[in-house]
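J.: Take this structure first; my questions come after.
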Amino acid sequence: MSFNLNFKPFINYESIVTFIIPEKDTINAACMGVHFTTNQEVYIYAFEGSLTKQYLKPGMIFSINFSENFDDYVIAALHDKSLEDHALIFEKNLFKTLEPVPIFKSSWCSVLCEVAEIPKNALQRPLCRRRETTNIRGIIKSSEVYNLPQIFNNRSMNLGLEALIIATRIPLYDQYSQMYTENLKIYQNIKKKIEEWRDMDRFEKGFEMMDQYLLNKGVKAQDLFGGLF
Ligand SMILES: Cc1cc2nc3c(=O)[nH]c(=O)nc-3n(C[C@H](O)[C@H](O)[C@H](O)COP(=O)(O)O)c2cc1C
């Protein structure tokens, strides 16, 4: 069965961008919001200092993955970039293929792109509605839908992704600042909600990874699991 999927332009789709780091021959994966346009191309805004920004230069190929597995997003977002060998974290068995670009086993769709220069006029007025000026443009070479996702527009998945973004930010705030306590509270509330909805089984491992990440980054156990509020 083949599936025809059209991405709506000017919508931010949460994806996992993967590529092979050339000189190390290792896998990289990062959660990235991706904007499609009407011209078979995509725009990404990658933070300064990210490996994605560093390596996705014109001519490089990468894959946009849409996965059904929340753990894939967690692993991609929380991987330890300080480690020399990224392949240690992005275990090869997470991927259905590594050639020409890594594609997660749980990806229901992947889009293969080649990085191209951003036209000058798009720098001032990008062809997408990102708030930040985009810095990576990909030309779509091919795309594949392996299966349609079994769960559409699921509240837990959306909240899980929100919790993941919050988990990446909490260590950046001053401990016990307003932002710190507010975000820790939102993180706990999201967890509680998903538990109340009895949908935690799909998210349990991901939340365990996020909890552990926060503890490793200095969040106190009593604040993470209750005491603070
Ligand atoms: C759901 C989600 C969406 C994200 N979107 C972006 C994004 O659009 N651009 C970006 O630079 N980082 C984004 N991030 C943060 C990156 O995933 C994070 O900085 C990551 O460590 C970058 O990995 P890299 O160094 O391998 O590129 C997002 C994180 C999450 C959890």
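The values are calculated or read from the model by the stated rules, or taken from the named source; none is laboratory data. Bear in mind that the values here come from a model prediction, so they are computed numbers and not experimental data. Virtual Cβ from ideal backbone geometry, glycine too; neighbours counted across all protein chains shown.
J.: So which residues in segment 101-142 are touching a Cys at 6+ places or on another chain (Cβ under 7 Å) and modelled with pLDDT of 95 or more, if there are any at all?
T.: Passing the criteria: GLY138, ILE139, ILE140, LYS141.
J.: Taking segment 161-191 as the region of interest, how many residues are closer than 14 Å to GLY226 by Cα and within 20 Å of the chain's Cα centre (by Cα)?
T.: Number of matching residues: 5.
J.: A follow-up question, please. Which one is modelled with the lowest pLDDT among residues in segment 73-100 that are of a type in the set (D, E, K, R) and within 11 Å of the ligand (Cβ to nearest atom)?
T.: Selected residue: LYS81.
J.: Same structure, new question: I'd like the residue in segment 25-60 that is more than 23 Å from ASN121 (Cα to Cα), surrounded by 16 or more Cβ atoms within 10 Å (Cβ to Cβ) and not hydroxyl-bearing (Ser, Thr, Tyr) and, out of all such residues, is farthest from the ligand (Cβ to nearest atom).
T.: Across segment 25-60, the extreme among qualifying residues is ILE27.
J.: Read through the list (1) modelled with pLDDT of 95 or more; (2) surrounded by 15 or more Cβ atoms within 10 Å (Cβ to Cβ); (3) over 23 Å from ALA76 (Cα atoms), then give the number of the only condition that LEU228 fails.
T.: With (1) modelled with pLDDT of 95 or more; (2) surrounded by 15 or more Cβ atoms within 10 Å (Cβ to Cβ); (3) over 23 Å from ALA76 (Cα atoms) applied to LEU228, the lone miss is (1).
J.: OK, next. Exactly one of these conditions fails for TYR176: (1) modelled with pLDDT under 95; (2) closer than 22 Å to PHE7 by Cβ. Give me its number.
T.: Evaluating TYR176 over (1) modelled with pLDDT under 95; (2) closer than 22 Å to PHE7 by Cβ leaves (2) as the failure.
J.: Looking only at segment 169-182, how many residues end up being surrounded by 14 or more Cβ atoms within 10 Å (Cβ to Cβ), under 14 Å from GLY218 (Cβ atoms) and not aliphatic (A, V, I, L, M)?
T.: 3
J.: Exactly one condition in (1) more than 22 Å from GLU14 (Cβ to Cβ); (2) among the polar types (S, T, N, Q); (3) part of a helix (DSSP H, G or I) is false for GLN175; which is it?
T.: Among (1) more than 22 Å from GLU14 (Cβ to Cβ); (2) among the polar types (S, T, N, Q); (3) part of a helix (DSSP H, G or I), GLN175 violates only (3).
J.: Which ranges mark the strands (runs of 3 or more DSSP E) fully within segment 1-87 that have 1 or more residues being touching a Gly at 6+ places or on another chain (Cβ under 6 Å)?
T.: 12-21, 41-44
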